1. Taking the beta-carbon count within 10 Å as an exposure proxy, list D38, D133, D81 from fewest neighbours to most.
2. Among [x] 20.5; [y] 24.9; [z] 17.3, find the value of mean projected area of the Cα convex hull in nm² that was calculated from the structure presented, and write down its label.
3. To the nearest Å, what is the center-to-center distance of the stretch 340-369 and the stretch 236-297, using C-alpha atoms only?
4. What does the charge count around G325 come to, taking other residues whose C-beta lies under 15 Å from its C-beta (Lys +1, Arg +1, Asp -1, Glu -1)?
5. Report the extension gain between A234 and A88 in nm, rounded to one decimal, defined as 0.36 nm multiplied by the number of residues separating them, less their alpha carbon distance.
6. Got a sec? How would D117, D94 order by Cβ neighbour count within 10 Å, fewest to most?
7. Hey, fewest Cβ within 10 Å first, where do E49, E326, E268 land in order?
8. Which of the trypsin sites (Lys or Arg not before Pro) found in the stretch 195-297 are loop residues per DSSP with 12 or fewer other Cβ atoms within 10 Å of their Cβ?
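Each value in this text was obtained by applying a stated rule to the coordinates, not by laboratory testing. Predicted model only: the values in this text are computed from it and were never measured. Methodologically, a virtual Cβ is constructed for each residue, glycine included, from the backbone with ideal geometry; neighbour enumeration extends over all protein chains shown.
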Amino acid sequence: MVDCSARLRILPHAVATALLFAASGLAQKAADTIVKMDGATVRGVEITEFTTAGIKAKKGNDNLEVPAHHVLAVEWGDLPDAFVAARAALGRGDFGNAAQLFGDAEQKAARPLVKADALFFQLKAAVAGLAGDKAAAATAAEKAKAWVAANQNHWRIPEALLLAGRAQRLAGNAAEATASLKQLDDRATRDAFGPVWNARAKFELAMTLVGEGKSSEARTTFQSASSAADNALATPTTDEAELRNIKTLAKVGEGETFLGEKQWSKAENFFRNLVRGDQPELAAAGRAGEGEAIFLAAAESKRPEEIRRAQIALAQASVFDSGGGEASAKANYYLGKCLLLLGPEREGDTFRVRANAYFQTVLTAYPTSRWAAAARAELGK
């Protein structure tokens, strides 16, 4: 005979166990986190949409929405191990491994939203690691086009368009780069991405024009980028540091357009005025640009005696560059070039070793600088 009382005792336990597993499954499903611009976090949600309009998510039986301009970041709750490892590799600058791991994460991710994010970060890692490799840039550009085409209304579309433009520029495809960056600039205003994206798009477009040898157009666009940065800085923003950096780089780019036209004296005066201005952050950039202009003029006129002036300005750039960024990278690169131009007659038999030490400094201390590829080329000679 079956003990019915025993069955009745077991039933509540079975129900409780089933409910526990159901609750556990729900907890695993609702594990995403939304990080807002004001620092607040919304935890334990399941994000269902991640678009330019904002985020839609579920929390238990409730639906919630967060407008795009309130979103700083998202943290997925069900990431493959490869995604976590890839993110760590990206953070330490190991771009090659990061790109490979993000690709692996995309294959292993169960949710379409996580798959799209893995592919986006794979693209981001690939572009960050290009370092002057045109073939790799062309591959990255194709992947960027594919991601943009498949995710036109994704929250990350502004950055994807920027990365596409950069990859296309580095691949030597100026027409496609210009189209991507103008699309970003237009959409930044039309779709309310925020003025920071106007500044980013304009600066990248100016760099594209420089690559095409269109110095006059690039100069105007650098000025527009600086104005767009000022516009974005008019209201409090978490991008303040980047916007100030864009302003600095735009000023440097404006001066470098004179170098592109071989107007050495005009370039030297432009950069010297940056040093004399009332913006301390431009002092290092001004000294580095001044040294570059003097060096290029001396190299063209074959007047090595002028190189000493360039060396002084470049050495001062490294001192002024408290942030240790692009100015220091440029200064070290041209200090190496100065030694090569002066040669053994003026610098002794160790001139090449000492020059290589400067180039190696660029690669070691500033691997993501635009001077890294040039320094690597010099080391390879």
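1. Values: D38 8, D133 14, D81 11.
The fewest-first ordering by Cβ neighbours comes to D38, D81, D133.
2. Among [x] 20.5; [y] 24.9; [z] 17.3, the one calculated here is [y].
3. Cα centroid of the stretch 340-369 versus Cα centroid of the stretch 236-297: 23 Å apart.
4. Surrounding charge for G325 is +2.
5. On the way: separation 146, 0.36 × 146 = 52.56 nm, distance 3.41 nm.
Full extension of this stretch gives 49.1 nm more.
6. Details: D117 24, D94 16.
Listing D117, D94 from fewest to most nearby Cβ atoms yields D94, D117.
7. Numbers: E49 14, E326 21, E268 24.
Least crowded to most crowded, the residues run E49, E326, E268.
8. Those satisfying the criteria are K262.
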